[in-house]
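A.B. asks: My questions all concern the structure below.
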Amino acid sequence: MSRHKASYLWNRNADLFRILKQTFSSKTSVVMQQLTKIKGLPIIHHDGYVCELPPKHRFPMRKFHGVFEHLLKDGIINRSLQVIEPLQVTKEVACNVHQEEYVDKFFSGRTTASEQRPTGFVWTPELASRVRYETGGTVLTAEISLQRGLACSTAGGTHHAFPDRGAGFCLLNDLAIAAQHLINIGKTNKVLIVDLDVHQGDGTAFIFKNVDSVYTFSMHCGKNFPFRKQQSDLDVVLDIGTGDKEYLSLLIDYLPFILDSFRPDLVIYDAGVDTHKDDELGKLNLSDKGLFERDYYVDSTVIGRGIPCATVIGGGYSQDLNQLSNRHTIVHQAATKVWHVQGL
């Protein structure tokens with residue numbers, strides 16, 4: 001390695017060290033040691049993304065392990081060269097968008113049964129821990145993408161959480177927390193959140209409805225949860241049964257315009273696979289090929305403009321955890337191709 005290249009990498013990693021220190025405090029060195037070993041597309045994963053749920057619970061919690069196992073088994077990633085483990089998000093960072101009272105109650109287990117009911121979960125210490133790892137993972141993914149150009153989490157996309165409450169399997173809004181945190185510490189000025197989950201990111205839209213520094217773009221099925229929608233900066237409402245061709249045509253119509261007019265410093269991309277034809281809660285009709293084309297288009301269009309991109313996996317629901325987990329790896333497959341094509 002040339003002296004110039006080595007100096008560049010040192011300065012880049014030193015800058016990231018300063019960001020991480022502001023996020024994860026005294027344990028930053030643990031993450032930094034992992035980062036120095038990364039060769040290739042950074043993958044942010046933690047075994048703590050999973051916790052036990054009651055039998056027959058509707059949320060497919062085990063998919064997060066399944067995603068990681070498929071990535072390794074199928075040779076999409078190399079564990080020793082690409083994987084970084086995040087730390088749990090701190091109260092201070094979570095309070096960038098959530099009310100302190102809510103964060104305190106959630107972290108300590110003082111939410112009431114009536115407050116827990118809309119979330120779909122009963123609070124346990126293990127649940128709180130996994131949510132903090134997942135949110136920390138999204139924050140770290142966004143931070144690393146600023147340095148490496150592109151980074152992917154194996155979880156994330158909890159866009160239904162509001163400042164004062166959780167909803168729809170979402171307890172902390174990781175997308176909003178990551179965006180606002182990086183703005184607050186001065187590492188980015190404008191963030192675009194591209195939410196292609198089948199459900200509108202109502203919590204994210206509400207959080208940023210009067211915030212000029214964050215643009216919220218949601219393409220979602222109109223006749224689906226949440227039944228009371230919020231107003232994003234741009235909502236593209238899809239009919240039930242929308243398939244690959246129409247979906248991709250609409251995305252191509254809107255995404256370049258948003259990028260060129262808003263001119264973000266960072267894109268956070270929620271690549272939900274509940275748009276798939278076999279999803280149990282989706283109501284759209286995308287194929288595996290359509291999902292890959294969608295994800296590749298988003299990543300390549302963003303990276304092609306010199307804008308860093310952080311991806312999370314978003315929603316996806318199926319009793320067949322093997323198929324679902326594999327479906328969630330499509331965004332990592334697309335990102336890997338973009339990484340190589342763009343020469344990152």
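A.B. asks: Run down 150, 196, 182 and say which single residue is aliphatic (A, V, I, L, M), within 12 Å of the chain's Cα centre (by Cα) and closer than 25 Å to residue 305 by Cα.
C.D. replies: It is 196.
A.B. asks: Quick one: how many residues across the stretch 97-123 are touching a helix residue (DSSP H, G or I) at 6+ places or on another chain (Cβ under 8 Å), surrounded by fewer than 20 Cβ atoms within 10 Å (Cβ to Cβ) and in contact (Cβ under 8 Å) with a residue 60 or more places away in the chain?
C.D. replies: Count: 1.
A.B. asks: Output the residues belonging to the stretch 237-280 that are of a type in the set (Gly, Ala, Ser), in a loop (DSSP other than H, G, I, E, B) and either surrounded by fewer than 16 Cβ atoms within 10 Å (Cβ to Cβ) or touching a strand residue (DSSP E or B) at 6+ places or on another chain (Cβ under 6 Å) (or both).
C.D. replies: Matches in the stretch 237-280: 241, 271.
A.B. asks: Can residue 97 be described as of a type outside the set (S, T, N, Q) and closer than 19 Å to residue 184 by Cα?
C.D. replies: Considered against the rule, which asks whether it is of a type outside the set (S, T, N, Q) and closer than 19 Å to residue 184 by Cα, residue 97 comes out as yes.
A.B. asks: Then there's this: So, in the stretch 57-74, how many residues would count as being aromatic (Phe, Trp, Tyr) and surrounded by fewer than 24 Cβ atoms within 10 Å (Cβ to Cβ)?
C.D. replies: Total satisfying the criteria: 1.
A.B. asks: Here's a follow-up. In this structure, is residue 147 at pLDDT below 95 and farther than 16 Å from residue 269 by Cβ?
C.D. replies: So residue 147 passes the test.
A.B. asks: Whether any residue in the stretch 142-149 is buried (at least 24 other Cβ atoms within 10 Å of the Cβ), in a strand (DSSP E or B) and either of a type outside the set (Lys, Arg) or touching a strand residue (DSSP E or B) at 6+ places or on another chain (Cβ under 6 Å) (or both) is what I want to check.
C.D. replies: no
The values are calculated or read from the model by the stated rules, or taken from the named source; none is laboratory data. Keep in mind that this is a model prediction, so the values were computed, not measured. A quick note on method: Cβ atoms are made from the backbone with ideal geometry, for glycine too, and the neighbour counts reach across all protein chains shown.
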